[in-house]
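Here is the structure we will look at, set down as structure tokens.
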Amino acid sequence: MDLSFDGRVAVVTGAGGGLGRAHALELGRRGAKVVVNDMGTSLSGDGVESGRAAIVVKEIEALGGTAVADVNSVATTEGGEALIRTAVSAFGRVDVVVNNAGILRDKTFQNTGPDDVDPVLDVHLKGAFNVTRPAWRIFREQGFGRVVVTSSSAGFFGNFGQASYASAKMGLVGLIKVLAIEGRKYDIRANAVGPVALTRMTEGFENPLADRLDPALVSSVVAYLCHDSCELSGEVLSAGAGRVARVFVGMTRGYVNGSLSAEDVRDHLAEVFDDTGYQVPGNSLAEMELLAEMLGK
Ligand SMILES: NC(=O)c1ccc[n+]([C@@H]2O[C@H](COP(=O)([O-])OP(=O)(O)OC[C@H]3O[C@@H](n4cnc5c(N)ncnc54)[C@H](O)[C@@H]3O)[C@@H](O)[C@H]2O)c1
């Protein structure tokens with residue numbers, strides 16, 4: 001059976017173009033009422049071209065869907081609250097939040113100044129707090145919610161010139177890990193995508209796969225994560241070009257020695273790095289349990 005979003009209300013941030021637009025169209029096409037948020041910035045977050053969200057609303061309506069535009073900035077607490085108010089006043093509820101808005105201020109670490117750090121953290125990382133927090137209160141009361149954050153391979157694996165961006169993106173992984181744990185008993189699920197798509201953010205980079213990187217292929221993964229039937233929570237999925245794959249932080253069994261010295265570390269790196277029987281702990285307590293097992297406790 002097709003995954004329908006009839007009766008659900010979805011907020012998609014940064015949905016005036018690129019990936020966010022594709023997510024909004026996909027959710028709208030599947031019956032969700034969509035709040036298309038986009039304040040309309042340049043790639044670096046400067047300037048405002050606020051008509052972009054309204055254009056996507058028209059596109060959703062042309063597909064037979066229902067949507068409303070919102071031009072608040074996700075980078076402020078007030079903006080996030082106003083955005084969730086838009087959803088509630090337009091549609092009476094909110095069920096899904098897709099945190100997608102983003103900017104880029106790439107610099108080598110050597111050249112990174114405060115202006116390249118704060119705005120990036122404000123939009124990507126704090127933006128997810130600003131928008132998800134007011135939605136969370138509603139999710140808990142109604143006993144249902146879906147949160148998706150947009151992370152990046154720059155955070156999972158590192159990328160030259162993206163210290164602030166990568167930090168923000170990996171911060172989002174920590175956020176959904178905790179939201180997954182705290183939301184479980186309210187049927188609130190929180191997951192991350194690490195997209196690969198051709199948008200204005202990536203069109204400047206030479207990429208032999210460019211013609212395969214339709215943002216809509218990422219939206220299929222986002223739509224699944226937003227659906228009532230999705231049981232995943234606290235997971236990170238890489239999505240692009242039609243491929244979807246799990247990204248995870250795992251832990252080797254490691255080396256244990258009750259009187260561990262620096263020399264022991266040096267001499268046992270092979271065991272430290274041996275990934276036979278590695279684990280992916282479900283929470284930080286699970287690490288303690290593995291340690292207890294290895295210590296025979
Ligand atoms: N394109 C990729 O391959 C790729 C890879 C990894 C991660 N991402 C992430 O995907 C997300 C979408 O990026 P995209 O590639 O579609 O780029 P994009 O520049 O087309 O989209 C970002 C949108 O966010 C909006 N925005 C920026 N600041 C905002 C704010 N404060 N409030 C509201 N809206 C704001 C912009 O106006 C823009 O429309 C970003 O978080 C980006 O970091 C993209």
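Yes or no, residue by residue, for (1) touching a residue at least 24 places away in the same chain (Cβ under 8 Å); (2) among the polar types (S, T, N, Q); (3) buried (at least 24 other Cβ atoms within 10 Å of the Cβ):
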position: P114; (1), (2), (3): no, no, no
position: G127; (1), (2), (3): yes, no, yes
position: F144; (1), (2), (3): yes, no, no
position: V148; (1), (2), (3): yes, no, yes
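Just so you know, in the stretch 164-177 the residues that are more than 10 Å from the ligand (Cβ to nearest atom) and not hydrophobic (A, V, I, L, M, F, W, C) include one that is surrounded by the most Cβ atoms within 10 Å (Cβ to Cβ), and it is S164.
Residues in the stretch 2-23 that are buried (at least 24 other Cβ atoms within 10 Å of the Cβ) and among the basic types (K, R): R21 only.
For the stretch 19-34, indicate whether the set of residues that are over 18 Å from D228 (Cβ atoms), among the β-branched types (V, I, T) and in contact (Cβ under 8 Å) with a residue 12 or more places away in the chain is non-empty. Checked the stretch 19-34: no residue is over 18 Å from D228 (Cβ atoms), among the β-branched types (V, I, T) and in contact (Cβ under 8 Å) with a residue 12 or more places away in the chain.
Scanning the stretch 39-55 finds no residues that are more than 28 Å from G240 (Cβ to Cβ), within 9 Å of the ligand (Cβ to nearest atom) and within 22 Å of the chain's Cα centre (by Cα). Screening E141 with (1) more than 15 Å from the ligand (Cβ to nearest atom); (2) in contact with a strand residue (DSSP E or B) (Cβ under 9 Å, 6 or more places away or on another chain); (3) charged (D, E, K, R) gives one miss only, at (2). Is it fair to say G204 is open to solvent by 50 Å² or more (accessible area, probe 1.4 Å), within 15 Å of the ligand (Cβ to nearest atom) and closer than 23 Å to M1 by Cα? Answer is no for this residue. Filtered by the rule that a residue be within 16 Å of the ligand (Cβ to nearest atom) and open to solvent by 70 Å² or more (accessible area, probe 1.4 Å), the stretch 178-197 gives no residues.
A search for C-beta distances below 6 Å between a residue of the stretch 45-60 that is closer than 13 Å to G14 by Cα and any residue that is open to solvent by 50 Å² or more (accessible area, probe 1.4 Å) and outside any loop (DSSP other than H, G, I, E, B), counting only pairs 6+ apart in sequence or on different chains, returns V56/R21. Where helices (runs of 4 or more DSSP H) sit wholly within the stretch 228-297, those with at least 1 residues that are in contact with a strand residue (DSSP E or B) (Cβ under 7 Å, 6 or more places away or on another chain) occupy 284-294.
When you scan the stretch 86-95, do you find a residue that is among the hydroxyl-bearing types (S, T, Y), within 15 Å of the ligand (Cβ to nearest atom) and either surrounded by fewer than 23 Cβ atoms within 10 Å (Cβ to Cβ) or under 29 Å from E203 (Cα atoms) (or both), even just one? Among the residues of the stretch 86-95, at least one is among the hydroxyl-bearing types (S, T, Y), within 15 Å of the ligand (Cβ to nearest atom) and either surrounded by fewer than 23 Cβ atoms within 10 Å (Cβ to Cβ) or under 29 Å from E203 (Cα atoms) (or both), which makes the answer yes. For the structure I just gave you, tell me whether V236 is touching a residue at least 12 places away in the same chain (Cβ under 8 Å), open to solvent by less than 80 Å² (accessible area, probe 1.4 Å), over 20 Å from the mean Cα position of the chain (by Cα) and under 27 Å from A154 (Cβ atoms). It is false that V236 is touching a residue at least 12 places away in the same chain (Cβ under 8 Å), open to solvent by less than 80 Å² (accessible area, probe 1.4 Å), over 20 Å from the mean Cα position of the chain (by Cα) and under 27 Å from A154 (Cβ atoms).
Only one of the numbered conditions (1) open to solvent by less than 10 Å² (accessible area, probe 1.4 Å); (2) under 20 Å from G282 (Cα atoms) is not met by F139, and that is (2).
The values are calculated or read from the model by the stated rules, or taken from the named source; none is laboratory data. Predicted model, so just to flag it, every value in this text is computed and none were measured. With ideal geometry, Cβ positions are generated from the backbone for all residues, glycine too; neighbour counts draw on all protein chains shown. Quick note on the areas: whole protein, heavy atoms, side chains included, nothing else; ligands and nucleic acids left out. Shrake-Rupley method; radii C 1.70, N 1.55, O 1.52, S 1.80 Å.
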